[in-house]
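Chemist: Below you will find the structure I want to go over with you.
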Amino acid sequence: YISTLTIAGFRGVGPSTTLPLTPGPGLTLVVGRNGSGKSSFAEGLELLLTGSNKRWEGRAKAWGQGWRNLHQPAATTVAAEVIVDGKGPLTVQRTWPADAALEAGATMAKAKGEAARPLDTLGWAGAVATFRPFLSYNELGSM
């Protein structure tokens, strides 16, 4: 379960901004006015956990090149605090240096008192790919 999502320099989010969430089962909706950063948080979290973004697939190349916030020249970071049943809190973070390409980011996971390790070592890749935990507005509406 995700308890917080923090983004800096990604899409429509400039300075570091944290979205607190209530961790637990069920559907979480993030609502707000246009331009408030909803899609930036959703796309950042999807990229963090899956390594890709379904909304960007099949679009013009320029669409995927606009992932970095133009007004925040420092490193770009997407991080989530995750509560894992039976294991406790875990920090998952992906950081890109200031001039790095999207593919250059690596996602690391760190449990309290342990060394950071690649997200792939947690064994979540198959489950996240099969049961993609993100729905766009259009996907949700079609359900």
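Chemist: Report the extension gain between Ser16 and Glu57 in nm, rounded to one decimal, defined as 0.36 nm multiplied by the number of residues separating them, less their alpha carbon distance.
Modeler: 12.1 nm
Chemist: Here's a follow-up. Quick one: with all protein chains in place, what share of the accessible area of the stretch 17-143 is carbon or sulfur, to the nearest percent (1.4 Å probe)?
Modeler: It is 57 percent, rounded to a whole number.
Chemist: Note the full-extension length gain between Ser36 and Val84 as 0.36 nm times their separation in residues minus their Cα-Cα distance, in nm to one decimal.
Modeler: The span from Ser36 to Val84 would gain 14.4 nm if fully extended.
Chemist: About the Cα centre of the chain, what is the dipole size in debye to 20, counting +1 per Lys and Arg Cβ and -1 per Asp and Glu Cβ, all else neutral?
Modeler: That gives the chain a dipole magnitude of about 200 debye.
Chemist: Along the charge dipole of the chain, Cβ charges K/R +1 and D/E -1, which of Gly126, Leu29, Ser52 sits furthest on the positive end?
Modeler: Leu29
Chemist: To the nearest 500 deg cm²/dmol, what mean residue ellipticity at 222 nm is calculated for the chain from DSSP H runs of n ≥ 4 alone, each contributing -39,500 (n - 2.57), summed and divided by the residues?
Modeler: The helix-only estimate for the chain comes to -5500 deg cm²/dmol at 222 nm.
Chemist: If you don't mind, there's one more thing I want to ask. Sort the following peptides by mean Cβ neighbour count (other Cβ atoms within 10 Å, averaged over residues), highest first: 108-118, 84-94.
Modeler: Ranking the peptides 108-118, 84-94 by packing returns 84-94, 108-118.
Chemist: Specify whether the C-alpha gyration tensor of the stretch 85-134 places it in the rounded, prolate or oblate class, a ≥ b ≥ c being the square roots of the eigenvalues: rounded for a/c under 1.5, otherwise prolate if a/b is larger than b/c and oblate if not.
Modeler: oblate
Chemist: Loop-only check: which GluC sites (Glu not before Pro) in the stretch 1-80 are DSSP coil with at most 16 other Cβ within 10 angstrom?
Modeler: Taking the stretch 1-80 and a limit of 16 other Cβ atoms within 10 Å, the loop GluC sites (Glu not before Pro) found are Glu57.
The values are calculated or read from the model by the stated rules, or taken from the named source; none is laboratory data. None of the values given here were measured: they were computed from a predicted structure. As a convention, Cβ positions derive from the backbone with ideal geometry for all residues, glycine included, and neighbour counts pool all protein chains shown. Only protein heavy atoms, including side chains, enter the accessible area calculation; ligands, DNA and RNA are left aside. Shrake-Rupley method; radii C 1.70, N 1.55, O 1.52, S 1.80 Å.
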